Amino acid sequence: MTGTHDYQLRRNCFGKLEFIAPDGEIHAGVVPVRAFPISAPADGIALVDPYGHELAWINELGDLPEEPRKLVETELAQREFMPMITRIVSVASFATPSTWQVETDRGAATLILKGEEDIRRLTPPALLIADSHGIHFLIPDRSALDQHSRRILDRFL
């Protein structure tokens, strides 16, 4: 593990991210992992090998030179898919499992809420909703939702 930028990052011919250690050892299939993906997404990012071993620690993403920063940002964008709910259109039932029709920053979506415990309270007023397929939907500020959406959401909280 290193905190300095004495390593290199590149993509191999298969599109996998490679970490080149200062001693020249190459680790293919490196994955960036955020320590605090919601509260501090640009701070505390670990580069880990396919076995989960940490190879490097990035205190702040902005500290990296442009080329490796873009590689890390691209890899994070491919790895993390977390649409933000902007409106709850309707729910099929107030008992779980329940099918929700929502509007997100990526378009309309349908999610199935297995149980009320799949709605996690984050740092207020944020919520994280996990659907039956493991996709996480973020509500960064539930008070910013329209009244209809808040009313539906309050039935599940």
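By the scheme Lys and Arg +1, Asp and Glu -1, what is the net charge of all other residues having a beta-carbon under 14 Å from that of Arg151? If you can, show how the numbers build up before the last one.
Numbers: positive: Arg87, Arg142, Arg150, Arg155; negative: Asp146, Asp154.
Neighbour charge sum, excluding Arg151 itself: +2.
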In Å³ per residue, the alpha-carbon convex hull of the chain encloses 132 Å³
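Using a 1.4 Å probe, what is the accessible area per residue for segment 98-137, in Å²?
Working: 2170 Å² over 40 residues.
Heavy-atom accessible area per residue stands at 54 Å².
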Summing -39500 (n - 2.57) over every DSSP H run of at least 4 residues in the chain and dividing by its residue count gives a helix-only mean residue ellipticity at 222 nm, to the nearest 500 deg cm²/dmol, of -4500 deg cm²/dmol
Between the alpha carbon centres of segment 7-55 and segment 83-103 the gap in Å comes to 35 Å
Low-density loop GluC sites (Glu not before Pro), segment 4-95, at most 12 other Cβ within 10 Å, DSSP non-H/G/I/E/B, are Glu25
Surrounding charge for Pro83, neighbours by C-beta under 11 angstrom, Lys/Arg +1, Asp/Glu -1, total -3
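If eta is 1.306 mPa s and T is 10 °C, what Stokes-Einstein diffusion coefficient results for segment 8-79, Kirkwood Rh from Cα pairs, in µm²/s?
Working: Rh = 12.2 Å.
After rounding, the answer is 130 µm²/s.
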For Ala108 and Val89, extending 7 Å from Cα along the Cα-Cβ vector and measuring point to point gives, in nm, a value of 0.3 nm
Under the Karplus relation with 6.51, -1.76 and 1.60 and θ = phi - 60°, whole-Hz ³J(HN,Hα) for segment 30-37, x at Gly and Pro, equal 6, 10, x, 10, 7, 6, 10, x
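If exposed means no more than 11 neighbouring beta carbons inside 10 Å and the site is in a DSSP loop, what's the longest run of the chain without any exposed chymotrypsin sites (Phe, Trp or Tyr not before Pro)? It would help to have the intermediate numbers written out before the result.
Numbers: sites that count: Phe14, Tyr51, Phe81, Phe94.
By the stated rule (loop sites, at most 11 other Cβ atoms within 10 Å), 95-157.
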Gyration tensor on Cα atoms of segment 85-154, a ≥ b ≥ c root eigenvalues, a/c under 1.5 rounded, else prolate if a/b beats b/c, else oblate, says rounded
Helix 147-156: inclination vs the chain longest Cα principal axis, degrees, rounded to 10, gives 80 degrees
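The values are calculated or read from the model by the stated rules, or taken from the named source; none is laboratory data. The model shown is predicted, which means the values in this text are computed figures rather than measured ones. Cβ coordinates were reconstructed from backbone atoms using ideal geometry, including for glycine residues, and neighbour counts include every protein chain displayed. Just so you know, the surface numbers come from the protein's heavy atoms only, side chains and all, with ligands and any DNA or RNA stripped out. Shrake-Rupley method; radii C 1.70, N 1.55, O 1.52, S 1.80 Å.
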